[in-house]
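First comes the structure, then the notes that go with it.
The values are calculated or read from the model by the stated rules, or taken from the named source; none is laboratory data. Computed from a prediction, not measured in an experiment: that's the story for all the values here. Note that each Cβ is placed from the backbone with ideal geometry, even for glycine, and that neighbours are counted across all protein chains shown.
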Amino acid sequence: MSDISEESVRHLAGLARIALTDAEVTALTAELSQIVDVVAQVTSAVDADTPATSHPIPLSNVYREDVVTDDVLTPEQALASAPEHDGSRFKVSAILGEEQ
């Protein structure tokens, strides 16, 4: 059993500026004790031969080759379905409080 006491819970709640009722302190004391006990069990199961892992399955990124092709849109094609444009650029609403 862990050494979590109601006084410890009240102290931590005070540091976090969390107001707790007596019932909440009692409930949190039991819950925190359980959490500390479970962490202790997991820690005891790990020995020096257990490798540190962040994922149970090895991860690797999948990349595709960056291939240059001739399939490029012309400015006219890119702007063809734009709601507004000035012939060479998209027109968008002003942002960050700027006037239009």
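Counting just the residues of segment 9-36 that are loosely packed, with under 14 Cβ neighbours inside 10 Å and among the small types (Gly, Ala, Ser), which one comes out farthest from the chain's Cα centre (by Cα)?
Step by step, filter segment 9-36, then rank; the result is Ala23.
Find the residue count for segment 46-100, including only residues that are at positive phi and surrounded by 10 or more Cβ atoms within 10 Å (Cβ to Cβ).
Counting residues in segment 46-100 that are at positive phi and surrounded by 10 or more Cβ atoms within 10 Å (Cβ to Cβ) gives 0.
Name the pairs whose Cβ atoms lie under 9 Å apart, with the first residue in segment 1-22 and more than 24 Å from Gln41 (Cα to Cα) and in a helix (DSSP H, G or I), the second among the polar types (S, T, N, Q) and at pLDDT below 95, and 6 or more positions between them or separate chains?
none
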